[in-house]
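We did not get these values from a lab; they are worked out from the coordinates using the rules stated. Given the structure is predicted, the values throughout are model-derived calculations rather than measurements. Every residue, glycine among them, receives a Cβ derived from its backbone with ideal geometry; neighbour counts consider all protein chains shown.
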Amino acid sequence: MAEDIWILGIHMTKFGKYPDRDTIDIAAEAALGALGDGGVTMADMGILAAGNLMGASAPTGQMLQKQIGQTGIPVFNVSNACATGATALRTAIMAVKSGECDMGLAVGVEKLAGVGLLAGGSRKSDSNTFTPSGRYGAVAAVDGRIGTETMPGVFAQIGMEYGHKYGGTSFELFAKISEKNHAHSTLNPLAAYQKRFTLDEIMNDIMIAYPNTRPMCSANCDGAAAAVVISDSKLKTLSLEQQRRAVKVSASVLTSDPYTESCQVLPDVNTLTRRAATQAYEQAGIGPADLDLVELHDCFATAELVHYDNLMLCEEGGAAAFFESGATWRDGSTPVNVSGGLESKGHPIAATGIANIWEICHHLRGEAGERQIEGAKVGLAHVIGLGSACGVHILEKSAA
Amino acid sequence: MAKQVPIVEYLALEPTPHLVAHQCTACGARFFDRRNACASCGSAAGFESVAVESDGVLRAFTIVSMAAPGIPVPFVAGVVDCGGTSVRANVINTEPDPEHVTLGMKVRLATQVIGTDGEGTEAIGFGFEPA
């Protein structure tokens, strides 16, 4: 059996707008921060995994090395939609777990401030002569004419579908989830937005795709996060302080979407999340009831609801009642998105899947300041990228 | 009458408008786009064309207020369960608000002209209207 893997150092930049800095500047801040946090340097790293979705064809990892240390190690530039950061981390973990190296660095970075509405890839302009093209033989743009490919609209339907299947949902319920996350964000100085909204303000804000109003959508912003992972045997050679602050990776799982009938027309974010969670709980040898906090992929308020169920934080079909019980507020039984979530902390895409790990580590180390979940020992971080990819990591406080 | 073409190849206009799926000859999974092999069972045995029921139930929807340039908003986008085959479409011929569009409502296929090209050919789109 492969040995345990630990997070030795981790860092996230403040999420927000960095008009005067480029992608690599922001990535460098996160990478140097993670190395410094772990008390190591680039010379100690045996692999670099780098994620940047908007620049997926660029050699982001190599460009980063030119700013922080060109050591000649293998670089994996990864792209996996909104799960890009988790995929970079998983890549570094696999390299260490395989024994190819004993330490690795994973970085996720994005500049997304001001890009506006994100949609799927099939948008095209109408031409002057109708000619069938593409796999559907379309003669005109289909986005907006045959359903919607805009992200707020896709995830709105995912939440509504859950409501159709199990009941208990409403515009107000989804808005209340957003109210929670914005309230949580007021305690997170690294969040892009730290403004508390009333339920009325959320429901009466600009409608993007019913039932998602603007504050119920993830915030496009700039940011980066990075983590240093290390093998158990290597960690034991480091200082007691490094061992004490190290966070155990009890599970690291990545899944893609298996075939389901309905995923052909609307992405099925449920099946692959449930599979990832099941595998993660098995790997970690713990259950949902053991979790002290969860950071899940609330790219829209409608998405958070379905993931309560997919991650098995509640009984099947019971997500609405689970939320209404107050369980997912920071003083509840299973605090969810105490960072403020993607709706207020922000969603610089490739950074998200490492930033959520940072949030969990922060609490497990007892370093989360005002928003510390007292006595947190176990946490789960989840991301979804449409297409689809799902990353789930379970982290445990060091016993040292 | 102007020449007409469907917005997508899986919309058949004759004899009456209906949707046509590619059905895997091995496992029966249905797809609306061109596939190299079956995503469900992996078989490359091929696909046959089958007509999809035109009556269905609205299983999920959203009312889109912000969309691509040129698309009138608000409009309703949704997923319709047509006798076990999921279909993505707009809900048309009704007011785009949550009072007129509800989960579980019965709907049926309907077509509409979505544009005319430089040669006078009309593109025919489809949606689902309250049944």
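Is the shape of segment B:4-130 best called rounded, prolate or oblate, per the rule: a/c under 1.5 gives rounded, else a/b larger than b/c gives prolate, else oblate, with a ≥ b ≥ c the square roots of the Cα gyration tensor eigenvalues? It comes out oblate by the Cα gyration axes. Hey, with R₀ at 56 Å, roughly what FRET efficiency would A:GLU374 and B:ALA12 work out to, going by the Cβ-Cβ distance, to 0.05? According to the calculation, E is roughly 0.35. Site pair B:GLU129 and A:GLN67 shows an inter-label distance of 5.7 nm when each label is modelled 7 Å from Cα along Cα→Cβ.
Once Lys and Arg get +1 and Asp and Glu get -1 on their Cβ, which of B:PHE128, B:VAL64, B:VAL79 lies farthest toward the positive end of the dipole of segment B:4-130? Result: B:VAL79. With θ taken as phi - 60° and the Karplus curve 6.51 cos²θ - 1.76 cosθ + 1.60 applied, the whole-hertz 3J(HN,Hα) list for segment A:203-215 is 6, 9, 6, 4, 7, 9, 8, 3, x, 8, 8, 3, x Hz, x standing for glycine and proline. Here segment B:107-125 is scanned for amide nitrogen atoms under 20 Å from the site 7 Å beyond the Cα of A:GLU261 along Cα-to-Cβ, giving B:107-109. Computed from the C-beta positions of B:ARG34 and A:LEU238, the FRET efficiency with R₀ = 41 Å rounds to 0.15.
Residue-wise HN-Hα couplings along segment B:23-37, as the Karplus relation 6.51 cos²θ - 1.76 cosθ + 1.60 with θ = phi - 60° gives them from phi, are 9, 4, 6, 8, 10, x, 5, 10, 9, 9, 9, 6, 10, 7, 7 Hz; Gly and Pro carry x. Of the GluC sites (Glu not before Pro) found in segment A:299-376, those in coil by DSSP whose Cβ has at most 12 other Cβ atoms within 10 Å are A:GLU315, A:GLU316, A:GLU367, A:GLU374.
With the cut-off at 1.5 for a/c, could you classify the protein assembly as shown from its C-alpha gyration tensor as rounded, prolate or oblate?
prolate
Phi-derived couplings, Karplus 6.51 cos²θ - 1.76 cosθ + 1.60 at θ = phi - 60°, listed residue by residue for segment B:79-90: 10, 10, 8, 9, x, x, 9, 7, 10, 8, 6, 7 Hz, with x used for Gly and Pro. No disulfide-compatible partner, judged by a Cβ distance under 4.7 Å, exists for the following cysteines of chain B: B:CYS82.
Computed on chain A, with alpha-carbon pairs under 8 angstrom and 6+ residues apart, the relative contact order is 25 percent. Under a model in which nothing but the beta-carbon of Lys, Arg (+1) and Asp, Glu (-1) is charged, chain B shows a dipole of about 380 debye around its Cα centre.
Starting from the Cα of A:LYS248, draw a straight line to each of the lysines and keep only those under 27 Å, dropping any in the same chain fewer than 8 residues away. Correct list for A:LYS248: A:LYS14, A:LYS97, A:LYS234, A:LYS236, A:LYS345, A:LYS377, A:LYS397.
Of the trypsin sites (Lys or Arg not before Pro) found in segment A:207-314, those in coil by DSSP whose Cβ has at most 16 other Cβ atoms within 10 Å are A:LYS236. Spin-label pair A:LYS17-A:ASP4: with each label point 7 Å from Cα along the Cα-Cβ axis, the two points sit 4.5 nm from one another. Annotation note: trypsin sites (Lys or Arg not before Pro) in segment B:1-102 located in DSSP loop regions with a Cβ neighbour count of at most 11 within 10 Å are B:LYS3. The slack in the chain from B:LYS3 to B:VAL113, taken as 0.36 nm per residue of separation less the alpha-carbon distance, amounts to 38.5 nm.
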